[in-house]
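Colleague: Quick one: this structure, given as structure tokens, is what I'll be asking you about.
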Amino acid sequence: MKKNGLLAVFKRDIRRNKVLYLLSLPILIWYLIFAYRPMVGVLMAFQNFNPVKGISGSQWVGFKHFVDFFTGAFAWRTIRNTLALSLLDLIFNFPAPIIFALLLNEVKNKMFKKTVQTISYMPYFISMVVMCGIIVDFTKSGGVISTMVANLTGTTSQNLLGDAAYFRPIYIISNIWQGIGYGSIIYIAALSGVDQELYEAATIDGAGRWKQTIHITIPSISSTIIIMLILKMGTMLSVGSEKVLLLYSPAIYETSDIISTYVYRMGFENYNYGFSTAVGLFNSVVNTIFLLTTNYIAGKYSETSLF
């Protein structure tokens with residue numbers, strides 16, 4: 001009875017909003033073709049996939065690829081490096097746009113503010129290949145950054161990307177440089193919606209700019225920060241493989257080899273499609289768990305969540 005009732009309501013709603021449903025149809029078709037249809041490829045994780053035989057004709061091996069990954073020599077290294085880069089990115093890169101937006105919010109000179117914003121956006125629009133080329137050039141022996149580091153540490157200039165100890169700092173600092181401006185846009189937009197009367201009342205009560213920031217500004221944009229944190233947690237293990245691929249080398253695999261690059265090598269260099277799909281599936285499942293857990297905690301303690 002309930003099903004029939006819901007079906008009747010749905011049919012009535014379609015008749016009432018035909019135009020809206022027609023407008024949403026191309027989006028639905030796009031998602032079905034490009035987002036849901038490729039999910040059939042997940043079956044490769046449980047097969048010795050053969051491109052000639054296809055998914056339907058390849059041999060089923062169950063959880064063999066998962067067992068091979070977790071008992072293999074590189075499982076701990078790739079998981080450790082992925083988590084390390086993700087946590088460092090969360091600690092340093094996530095708050096950077098928030099702090100930058102808060103600082104810009106305190107600037108009263110509109111011309112200076114717009115100039116700083118425009119300059120900060122520029123690195124985001126640099127091609128990843130070009131940006132990594134700049135990093136490689138600046139960090140090679142005799143490069144600008146290598147020379148600065150050598151002067152600060154009292155050592156000779158060396159290729160920093162050839163030393164495993166320098167990979168993570170270079171990756172995180174370049175991420176902040178590239179994304180701090182563009183990432184601040186959403187927070188600047190949220191700050192523009194804060195009621196100015198709250199600041200006036202706080203000034204009358206004797207609150208300075210610091211106390212106004214702590215007690216008015218940050219609480220006013222807290223819902224935006226929480227939503228962005230939830231989305232960030234949903235991509236915790238999806239460290240940018242393109243950037244890592246362009247920067248790393250076998251000499252520094254100990255700190256730079258992550259799950260995404262391992263999947264790339266196993267799939268496109270070793271042609272072990274089933275194994276690479278299994279590792280990628282594991283990565284996606286963990287990301288989903290992070291997303292759901294963070295969303296649950298946020299909804300329980302802050303009443304702000306995605307769903």
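Colleague: What are the residues in the stretch 226-252 that are farther than 26 Å from F138 by Cβ and either in a loop (DSSP other than H, G, I, E, B) or β-branched (V, I, T) (or both), if any?
Modeller: I226, I227, I230, G234, T235, M236, L237, S238 - these are the residues of the stretch 226-252 that are farther than 26 Å from F138 by Cβ and either in a loop (DSSP other than H, G, I, E, B) or β-branched (V, I, T) (or both).
Colleague: Would you mind stating whether L90 is open to solvent by less than 80 Å² (accessible area, probe 1.4 Å), in a helix (DSSP H, G or I) and over 21 Å from G274 (Cβ atoms)?
Modeller: Yes.
Colleague: Taking I172 as the residue in question, decide whether it is touching a Leu at 6+ places or on another chain (Cβ under 6 Å) and either over 21 Å from E106 (Cβ atoms) or open to solvent by 40 Å² or more (accessible area, probe 1.4 Å) (or both).
Modeller: So I172 fits the description; yes.
Colleague: With the requirement that a residue be open to solvent by less than 70 Å² (accessible area, probe 1.4 Å) and free of Cβ contacts under 8 Å to residues at least 12 places away in the same chain, what does the stretch 28-52 give you?
Modeller: Result: A35, N50.
Colleague: Quick one: what pairs do we get from the stretch 208-227, first residue open to solvent by less than 40 Å² (accessible area, probe 1.4 Å), second of a type in the set (D, E), C-beta under 9 Å, 6+ apart or different chains?
Modeller: Going by the 9 Å Cβ cut-off, the qualifying pairs are T213/E106; I216/D195.
Colleague: Answer yes or no: is there a residue in the stretch 144-166 that is under 23 Å from L245 (Cβ atoms), surrounded by fewer than 17 Cβ atoms within 10 Å (Cβ to Cβ), modelled with pLDDT of 90 or more and of a type in the set (D, E, K, R).
Modeller: No - not one qualifying residue is present in the stretch 144-166.
Colleague: Further question on the same structure: Listed residues V129, V136; which is of a type in the set (V, I, T), open to solvent by 70 Å² or more (accessible area, probe 1.4 Å) and in contact (Cβ under 8 Å) with a residue 60 or more places away in the chain?
Modeller: V129
Colleague: Could you give every pair whose Cβ atoms fall below 9 Å, whose first residue belongs to the stretch 97-108 and is under 13 Å from I218 (Cα atoms), and whose second residue is among the polar types (S, T, N, Q) and open to solvent by 60 Å² or more (accessible area, probe 1.4 Å), counting only separations of at least 6 or pairs across chains?
Modeller: These pairs meet every condition: N105/S192.
Colleague: Answer with yes or no whether S256 is closer than 24 Å to G183 by Cα, open to solvent by less than 50 Å² (accessible area, probe 1.4 Å), touching a residue at least 60 places away in the same chain (Cβ under 8 Å) and among the hydroxyl-bearing types (S, T, Y).
Modeller: In short, no.
The values are calculated or read from the model by the stated rules, or taken from the named source; none is laboratory data. Because the structure is predicted, anything quoted here is derived from the model rather than measured. Cβ sites come from the backbone with ideal geometry, for glycine too, and all protein chains shown count toward neighbours. Please note that ligands, DNA and RNA were not included when accessible areas were found on the heavy atoms of the full protein model with its side chains. Shrake-Rupley method; radii C 1.70, N 1.55, O 1.52, S 1.80 Å.
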